[in-house]
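Have a look at the structure below, then the notes.
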Amino acid sequence: MTPDFHLTVVRDGPEDGAPTLRIQTSRATSLGSIPDGSILVAMLGTVGQEAAASVLAQAFRDDPYQQHCSVRGTASCVVLDQRSGTVIAIAPPIGHQQVFWSSGANSINFASRPVVLADLSDAPPKIRLDALFQYVYFRMVPSPDTIFENIYKLDGGHRLRWEGGETRATRYWQPQFNETATFTESEASAELHRVLRLSVERALGSTNAAGTFLSGGLDSSSVTGFAAQCRPGITSVTMGFAARGYDETEYARIASRKFGTTPLEYCVTPDAVLSTLQTISAAFPEPFGNSSAAAVYHCGRVSRECGLDLLLAGDGGDELFGGNERYAKQMIFERYRKIPGTVRRAVIEPLLQGATQVTSAFPIGKAASYVQQANIPLPDRLESYNFLHRHAPEEIFAEELLAQVDSSAPLQQLRDEFSVPNNASTVNRMMFLDWKFTLHDNDLVKVNNMCRLAGIDVAYPMLDTAVIDFSLRLPGDWKVRRGQLRWFYRRAMRHFLPHEIIKKKKHGFGLPFGVWTRTHDGLRRLSEDALAALGERGYFRPEFLQHALRLHRYGHASYYGELVWILMVLEFWLQKHLPTARL
């Protein structure tokens, strides 16, 4: 299990002389240096990797601007350069772990949990109000911000430089997407199988007490299949839900039979969620609103109880090979935007606006809605169903909070990230956006923290450097073609994975919280009590919190169930970490 880490670097020496850097506090870091000690590297959240840290120190001495010291691994590292008196922190491209940091004139601190850094300050911890707005918008607080003032997160593919008490974060890595195929489909298929099998072998390491997450989707089934080749009879762990439309146990069983795994199944119930929800909410470093966290925790818990030490997860495949439904949906809208603007504005849209008859043969209403959405550019269109685009901020938040918040900032952050890749197709830009907001800031945070809470380690073969590099060589239309998600991947794996899994539609790993909370008395009372307590803190309009409960009870159970969840777990997190927080 990846341990919590903490590293404090202090600068000593006269103000006008050469400074000396020293490590004041080091916990769960592997330290390595070059022979003369002028370069020291600390690998965060690792134990027993001193030799690897020394290799990084040597590489950094030879070329301080080289990228491989971070790109080739999964651990973030901190470099102390005594020659220049600088500290440099480097995160891998997608960022497998969160690194929180805070700095002062003569010291800089890194930790896996921000409360550790907050405790180092002389002043009591204070909530950033714009972070609360971001939390509702994104269901988490995206990097580089955190819920605390004066504490930050290191973003994936970024390096932080601390010198003379000043800090500066810059992007050192961005993907170079290849939009023209440089190999045949047959060659690419063989390479995909090769890199995936090797990545699974590396993830398994030497442990014999390993298993796999198996939901029955493409990624978990692929990882499980290659793991079963390496370790015949490996345990595959599957979560089921007693809720229509949420359970994929059938597909997981098909994959388990195909690859000869030892199946371990567990049905997540409303009672299980009720008994652990507050513990789960408080276990995250910051407020975190992804409801599938509960399913991941119980998956890890039963795995640990059955003697497993490590689980291989399939996270990342959709974001590398084009598997999220929104990719195909957005390309439909993009087709309309390819029509010359003069034709759209002068011919098509006036006809739709002037039409009064709606028939089944020509559904004017649907066409008008399509045009309305298509006219919204990417990435803004991806947020069409966001709570803060369906409800005005003034309806949700207290006036005093909004006076101190830039409500346009979250959307601008999405636009900035979307524009980073050079010469990339629309599909690849959407996937790059997901590397930050879906993987680094969301899914990996969810799985890492829930497995840590359950006492089990986790590895991500689909996010192995070799797999990422291979995905960059695939053109965008190999990932999504004519509305088919993961076009190439499905074709490449059609003789390896069961036919039913190749053909199945994207499902996901969602928790049926919205459905359960309508009928389960305990969850319903818990959500009502939590939102009432949250309303007393002054950040939100109490009348909206009650309105959200009504929208969930009598409106769209799944959609507004997610809103109730993110507000409820926010209150539970505050109760644990900042119980006196008030506006």
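Residue-level check: of (1) at pLDDT 95 or above; (2) at negative phi, residue 486 misses just (2). Just for region 62-82: of the residues that are in a loop (DSSP other than H, G, I, E, B) and under 22 Å from the mean Cα position of the chain (by Cα), which one is modelled with the lowest pLDDT? Result: 72.
Conditions (1) under 18 Å from the mean Cα position of the chain (by Cα); (2) more than 16 Å from residue 220 (Cβ to Cβ), marked per residue:
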residue: 413; (1), (2): yes, yes
residue: 417; (1), (2): yes, yes
residue: 425; (1), (2): no, yes
residue: 430; (1), (2): yes, yes
residue: 445; (1), (2): yes, yes
residue: 493; (1), (2): no, no
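Taking region 478-504, which residues are surrounded by fewer than 21 Cβ atoms within 10 Å (Cβ to Cβ) and either closer than 20 Å to residue 93 by Cβ or assigned by TED's automatic domain parsing to the domain that holds residue 112 (or both)? None - no residue of region 478-504 is surrounded by fewer than 21 Cβ atoms within 10 Å (Cβ to Cβ) and either closer than 20 Å to residue 93 by Cβ or assigned by TED's automatic domain parsing to the domain that holds residue 112 (or both), so the list stays empty.
Please go through region 259-291 and give me each residue that is within 23 Å of residue 4 (Cβ to Cβ) and hydroxyl-bearing (Ser, Thr, Tyr), ordered by number.
276, 279, 281
Taking region 480-538 and the helices (runs of 4 or more DSSP H) fully enclosed by it, the elements with 3 or more residues that are β-branched (Val, Ile, Thr) and under 26 Å from residue 242 (Cα atoms) are at 513-519.
Among the residues in region 485-507, are any within 27 Å of residue 562 (Cβ to Cβ) and without any contact (Cβ under 8 Å) to a residue 24 or more places away in the chain? Checking region 485-507: at least one residue is within 27 Å of residue 562 (Cβ to Cβ) and without any contact (Cβ under 8 Å) to a residue 24 or more places away in the chain.
Among the residues of region 388-418, those identified as farther than 22 Å from residue 174 by Cα, among the acidic types (Asp, Glu) and in a helix (DSSP H, G or I) are 394, 395, 399, 400. Of all residues in region 252-295, those that are part of a helix (DSSP H, G or I), without any contact (Cβ under 8 Å) to a residue 40 or more places away in the chain and out of contact with any Leu (no Cβ under 7 Å at 6 or more places or on another chain) total 6. Checked against the criterion of being crowded, with 16+ Cβ neighbours inside 10 Å and under 30 Å from residue 389 (Cα atoms), the candidates 199, 143 yield just one match: 143. Only one of the numbered conditions (1) at pLDDT 95 or above; (2) surrounded by 14 or more Cβ atoms within 10 Å (Cβ to Cβ); (3) out of contact with any strand residue (DSSP E or B) (no Cβ under 7 Å at 6 or more places or on another chain); (4) of a type outside the set (Val, Ile, Thr) is violated by residue 309, and that is (3).
I'd like to check something: does region 465-477 contain any residue that is under 21 Å from the mean Cα position of the chain (by Cα), closer than 26 Å to residue 260 by Cα, in a helix (DSSP H, G or I) and not assigned by TED's automatic domain parsing to the domain that holds residue 158? Yes, that holds for at least one residue.
Considering only residues of region 403-419 that are in contact (Cβ under 8 Å) with a residue 60 or more places away in the chain and in contact with a Leu (Cβ under 9 Å, 6 or more places away or on another chain), which is farthest from residue 142 (Cα to Cα)? For region 403-419, the residue satisfying everything is 404. Restricting to region 419-465, name every residue that is of a type in the set (Gly, Ala, Ser) and farther than 13 Å from residue 175 by Cα. 454, 455, 459 - these are the residues of region 419-465 that are of a type in the set (Gly, Ala, Ser) and farther than 13 Å from residue 175 by Cα.
Filtered by the rule that a residue be at pLDDT 95 or above, over 23 Å from the mean Cα position of the chain (by Cα) and not aliphatic (A, V, I, L, M), region 108-155 gives a lone residue, 109. Looking across region 166-203, the residues that are out of contact with any helix residue (DSSP H, G or I) (no Cβ under 6 Å at 6 or more places or on another chain) and either under 30 Å from residue 264 (Cβ atoms) or among the small types (Gly, Ala, Ser) (or both) come down to 169, 181, 186, 188, 190, 193, 194, 198, 202. Taking (1) more than 30 Å from residue 226 (Cβ to Cβ); (2) within 21 Å of the chain's Cα centre (by Cα); (3) buried (at least 23 other Cβ atoms within 10 Å of the Cβ) in turn, residue 322 satisfies each apart from (1). Restricting attention to region 43-61, the residues being in contact (Cβ under 8 Å) with a residue 24 or more places away in the chain and in a loop (DSSP other than H, G, I, E, B) number 4. Note on region 350-382: residues that are part of a helix (DSSP H, G or I) and modelled with pLDDT under 70 amount to 5.
The values are calculated or read from the model by the stated rules, or taken from the named source; none is laboratory data. Since the structure is predicted, the reported quantities are computational estimates derived from the model, not experimental observations. Reconstructed Cβ throughout: ideal geometry from the backbone, glycine too, with neighbour counts over all protein chains shown.
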